[in-house]
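Step one of this worksheet: look at the structure below.
The values are calculated or read from the model by the stated rules, or taken from the named source; none is laboratory data. Predicted model, so just to flag it, every value in this text is computed and none were measured. Positions of Cβ are backbone-derived with ideal geometry, glycine not excepted, and every protein chain shown enters the neighbour counts. For accessibility, only protein heavy atoms count, side chains too; no ligands or nucleic acids. Shrake-Rupley method; radii C 1.70, N 1.55, O 1.52, S 1.80 Å.
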Amino acid sequence: MPDLSYLPPLREIIERHQLRTRKALGQHFLCDLNLTRSIAEAAGDLSGCTVIEVGPGPGGLTRALVESNALHVVAVEKDPRFIDALAGLVAVSEGRLDLISGDALRTDFLKLAPAPRAVVANLPYNVGTELLIGWLRDIDQYRSLTLMLQAEVVDRLAAGPHNKIYGRLSVIVQFCCNVERKLDVPASAFSPPPKVDSAVVRLTPRRNRPADVSFAQIEKVTAAAFGQRRKMLRSSLKPLGGEELLKRANIDPTLRAENLTLAEFETLARLA
Ligand code: SAM
């Protein structure tokens, strides 16, 4: 296990490299190493895994990952200033850390990291959902995704029917994964503090997913149903067959998207 105890405190690294935060890159840093250790622990057993981190920033979470039982860590950072700032951590990581300078949205994670792989990241909020959808598309290629997101987004991921925050993302995520809310992190834990609180969620591939329903089918039905969430399904699902489709699925056409369970969305996806 590499000894990271000689590394300077994160705040010193931020000052020494004059890392003024860039809002456009969602830069809010965690400087409490006990907290970053708790986030790494929330990922569960990482043994044998290559861990992908998006946006290491000054490296608080990265340190915890290098100290974890993961086999290897690959961190992708868009802001080149942090590549210099993280050189000290790379140097003491005994080859356990690769830093990639680049945009995570343009990264082929399956090529970047061999299986078994897991994602652990305090995501830049402006691209968090887009990254998440990309990982969900290939969810069976990941052991787990442990993500810090806005608390309100985590609430949506975990929401069930008959709830106004239950939406397209809830259904898509729950179709792919088991959702566990792991940790609440107040805005005050970040430097600078964002406007909203955050939470860590752990997503693991759902083993009993129906084999005859594809991600693309679920995307299609949820897009139509939640695209007009205030309308009755017989109207919002018209492009996919409307009343006829709902009849075959044995679903009341006067219901709205937020009333349907995951199993009902799966039935619709199968038939649409
Ligand atoms: N992991 C660090 C921590 O917990 O203190 C920093 C987290 S900060 C919320 C998000 C990080 O993602 C920043 O370092 C930012 O520069 C980086 N970032 C933003 N957009 C990115 C992108 N498209 N690809 C890779 N990194 C990105």
Round to a whole angstrom and tell me the spacing of the C-alpha centers of the stretch 224-265 and the stretch 1-24.
51 Å
Dipole moment magnitude, nearest 20 debye, the stretch 141-272 about Cα centre, only Lys, Arg, Asp, Glu C-beta charged:
160 debye
With only helices counted (DSSP H, runs n ≥ 4, each -39500 (n - 2.57)), the per-residue ellipticity at 222 nm for the chain, to the nearest 500, works out to -10000 deg cm²/dmol
Of the trypsin sites (Lys or Arg not before Pro) in the stretch 122-191, which ones lie in a loop per DSSP and count no more than 14 other C-beta atoms within 10 Å?
Lys164
Find which of Ala224, Ala211, Pro114 sits farthest along the positive direction of the dipole of the chain, computed with +1 on the beta-carbon of Lys and Arg, -1 on that of Asp and Glu, about the Cα centre.
Ala224
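Under the definition of Cα pairs under 8 Å and six or more residues apart, what whole-number percent is the relative contact order of the chain? Intermediate values should be presented prior to the final figure.
Details: 490 pairs, mean separation 42.4, N = 272.
Rounded, it is 16 percent for the chain.
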When ranked by the protection proxy of mean other Cβ atoms within 10 Å per residue, highest first, what sequence do the peptides 90-96, 55-61, 42-48, 113-119 form?
55-61, 113-119, 42-48, 90-96
So, with points 7 Å from each Cα along the Cβ direction, the Thr21-Leu262 label distance in nm works out to 3.4 nm
Per residue accessible area in Å² of the chain, where ligands, DNA and RNA are left out and the probe is 1.4 Å
47 Å²
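Using 0.36 nm per residue, how much length does the chain from Ser38 to Met1 gain when fully extended, once their Cα-Cα distance is taken away?
Numbers: separation 37, 0.36 × 37 = 13.32 nm, distance 1.80 nm.
Here the answer is 11.5 nm.
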Leaving out same-chain residues fewer than 8 places away, which lysines sit with a Cα under 20 Å from that of Lys238?
Lys220, Lys247
Once phi is turned into ³J(HN,Hα) by the Karplus curve 6.51 cos²θ - 1.76 cosθ + 1.60 with θ = phi - 60°, what whole-Hz value does each residue of the stretch 175-181 show in order, with x for glycine and proline?
5, 8, 9, 8, 10, 10, 7
How much length is gained if the chain between Lys220 and Ile165 is pulled fully straight, taking 0.36 nm per residue apart and subtracting their Cα-Cα distance, in nm to one decimal?
17.9 nm
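Note down the magnitude of the dipole of the stretch 10-205 about its Cα centre, charges +1 on Lys and Arg C-beta and -1 on Asp and Glu C-beta and zero elsewhere, to the nearest 20 debye.
Values: 22 positive and 22 negative charges, 84 e Å.
Result for the stretch 10-205 is approximately 400 debye, rounded to the nearest 20.
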FRET E, pair Lys231, Asp45, Förster distance 35 Å, beta-carbon r, rounded to 0.05
0.20
Carbon and sulfur atoms account, in whole percent of the 1.4 Å probe accessible area of the stretch 120-245, for 48 percent
Which of Leu268, Leu61, Ala24, positive extreme of dipole for the chain (C-beta unit charges)
Leu268
With +1 on each Lys and Arg Cβ and -1 on each Asp and Glu Cβ, how big is the dipole of the stretch 215-271 about its Cα centre, in debye rounded to the nearest 20?
200 debye
